[in-house]
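All remarks here apply to the structure that follows.
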Amino acid sequence: MLTDGWGSGGDQADVAERLRDQGITLTVVAAGGGSADYLERLANAGGGRYYPAQDMAEVPEIFVQETITTVGNYIIERPFFPLITSDSPILNGFNGFPQLYGFNGSTLKERSRLVLATDDEQPLLATWQYGLGRSAAWMSDTQGRWASDWLRWDEFPRFAAQMVGYVLPVRGGQDISAEVSVSGGETTVRLETGENNPDMVVNATVIGGDGTRQEVTLSQVGPGSYLGRLESPAPGTYLVQISGNAEDRVLVQETAGLVVPYSSEYRSAQANPGLLAELAALSGGAAIASPEEAFAATDMRVSRAQEIGLPLLLLALILLPFDIALRRLMLRRSDFGTARGWMARRSARTQAAPVEVDPNLERLRGAKRRATAQFSGEQASSTNQAPPPPPPATRTGEKDTPHLPPKPPVAPKTPPAAAAGRKRRSIGPFARRQRTRPPPSCRRGGVAGRFHATAGR
């Protein structure tokens, strides 16, 4: 506890004693030279130590010293006999062990394996498997302070050799080979050991560059032959660790590499020499047997030369105004959209819109055509009539009398049905008065020379 001791709480010695009864010690660091006097009594009541810190810069050093002192309590010195807690290759051939006189207190990790323990079940020998590597922790010593009886023990050299051999890597022999292949979306791991061991369990671990791990168990497919399949990982480079264990002993350890390409056509195992030879024959080339031939001089004769400088110059002159226009006008993408819209509207105006036929106008045009045809027929009939005979000559001395125009001929009566038909045709909004040309005898002046009008049909 770091404090100056001044406060309204009073003496807390009873609290420190209760903590001590529960196995908790209290160490007090008095901050400053004017700290309260009862802080030392409080540290003694709590079973800890008292550190008066005149300078606050000494506080970190005090904490380090207290930590070292507290950790020193993990050194436990007392006689005990080790107890076997689990089977391990280190303990092969041992049933009991001599007495030890001390050890370092420790806490067992979650994935570690306890092999030997003290009489109060604290760790003495523990092992840990990490990938293909192994580690072992011996919590006593190998000198005469705690393990004097072990040094005089006849089996101690074999015990030490088995413990060191357990953590050393097992190298594969000439008969051991591992092969990893990728075929489509499946990866195959094959191991050949050269000898048959039915009790051996073979596992393979695929480790990626980012630390991801994928486990697969290899099945025995033949004497000394093991095979395993797994789904191919993402494209990249991987490390494959293969280990074979039997009765907690590592018999085989092998490491292989795995490269998953980005596409299957880049794999070296997929070549097509026939296609390459055909391409060389079609293009007039040849197949080369060594890399040096790729840099050899070839006899490529020029059959015809053509000057292309002038066409390129003309093309540059044509494109120059467009280049200048683009630089000066600073056209944007929206301007091209506006131009396209203007051209679309212009082309729509030039195209004639289809005219809808109005039935009423068509009926009027038909009536007009019929009336024009009828009028043309009557005028032709009046022209074909014979002119009237000239008036007789008067004798001398007789009083001249004016010649009256002859009466027009009486038209024959038409049947009622025809008259009714003509009347129906003349009645209507399109009936009009038509002027007929009088005969020649009526054109000479006076009353007889006037035009007369008849109602047209």
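The values are calculated or read from the model by the stated rules, or taken from the named source; none is laboratory data. Being a predicted model, the structure only gives us computed values, none of them experimental. Cβ coordinates were reconstructed from backbone atoms using ideal geometry, including for glycine residues, and neighbour counts include every protein chain displayed.
Take region 109-152 and flag every residue that is surrounded by 14 or more Cβ atoms within 10 Å (Cβ to Cβ) and not in a strand (DSSP E or B). Quick ask: steps written out before the conclusion?
Applying the first criterion (surrounded by 14 or more Cβ atoms within 10 Å (Cβ to Cβ)) to region 109-152 yields 112-118, 122-129, 132, 134, 136-141, 146-150.
Listed by number, the residues that qualify are Ser112, Thr118, Gln122, Leu132, Met139, Ser140, Asp141, Trp146, Ala147, Ser148, Asp149, Trp150.
Of the residues Gly228, Gly165, Gly244, Gly222, only one is over 26 Å from Gly93 (Cα atoms) and out of contact with any Lys or Arg (no Cβ under 9 Å at 6 or more places or on another chain); which?
Details: Gly228 fails: out of contact with any Lys or Arg (no Cβ under 9 Å at 6 or more places or on another chain); Gly165 fails: over 26 Å from Gly93 (Cα atoms); Gly244 fails: over 26 Å from Gly93 (Cα atoms).
None of the others qualify; the one that does is Gly222.
Hey, does region 50-57 have a residue that's outside the structural domain of Arg158 (by TED's automatic domain parsing), part of a helix (DSSP H, G or I) and at pLDDT 85 or above? Explain how you work it out, then say what you get.
So the first thing to find is which residues in region 50-57 are outside the structural domain of Arg158 (by TED's automatic domain parsing), and the list is 50-57.
Now drop any that are not part of a helix (DSSP H, G or I), which leaves 56-57.
Narrowing the set further to residues that are at pLDDT 85 or above leaves none.
No, region 50-57 has no match at all.
Quick one: is Leu251 modelled with pLDDT of 90 or more, part of a strand (DSSP E or B) and either farther than 30 Å from Pro89 by Cα or of a type outside the set (Gly, Ala, Ser) (or both)? I'd like the intermediate steps shown before the answer.
On the way: modelled with pLDDT of 90 or more: no; part of a strand (DSSP E or B): yes; either farther than 30 Å from Pro89 by Cα or of a type outside the set (Gly, Ala, Ser) (or both): yes.
It is false that Leu251 is modelled with pLDDT of 90 or more, part of a strand (DSSP E or B) and either farther than 30 Å from Pro89 by Cα or of a type outside the set (Gly, Ala, Ser) (or both).
Residue-wise test of (1) touching a helix residue (DSSP H, G or I) at 6+ places or on another chain (Cβ under 8 Å); (2) at negative phi.
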position	(1), (2)
Asp37	no, yes
Arg41	yes, yes
Gly47	yes, no
Glu58	no, yes
Glu61	no, yes
Tyr74	no, yes
Glu77	no, yes
Ser88	yes, yes
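Outside any loop (DSSP other than H, G, I, E, B) and surrounded by 15 or more Cβ atoms within 10 Å (Cβ to Cβ): is that true of Thr205 in this structure? Show your work before the answer.
Working: outside any loop (DSSP other than H, G, I, E, B): yes; surrounded by 15 or more Cβ atoms within 10 Å (Cβ to Cβ): yes.
So Thr205 fits the description; yes.
For region 74-103, give me the residue count where each residue is within 23 Å of Glu155 (Cα to Cα) and not in a loop (DSSP other than H, G, I, E, B).
Residues meeting the conditions: 8.
Across region 217-255, what is the number of residues that are closer than 22 Å to Gly133 by Cα, in contact with a strand residue (DSSP E or B) (Cβ under 7 Å, 6 or more places away or on another chain) and among the acidic types (Asp, Glu)?
Number of matching residues: 1.
Determine the pairs where a residue that is free of Cβ contacts under 8 Å to residues at least 60 places away in the same chain, located within region 150-166, has a partner that is surrounded by 12 or more Cβ atoms within 10 Å (Cβ to Cβ) and among the β-branched types (Val, Ile, Thr) with Cβ atoms under 8 Å apart, the partner being 6 or more residues away or on another chain.
Trp150/Thr142; Leu151/Thr142; Ala160/Thr142
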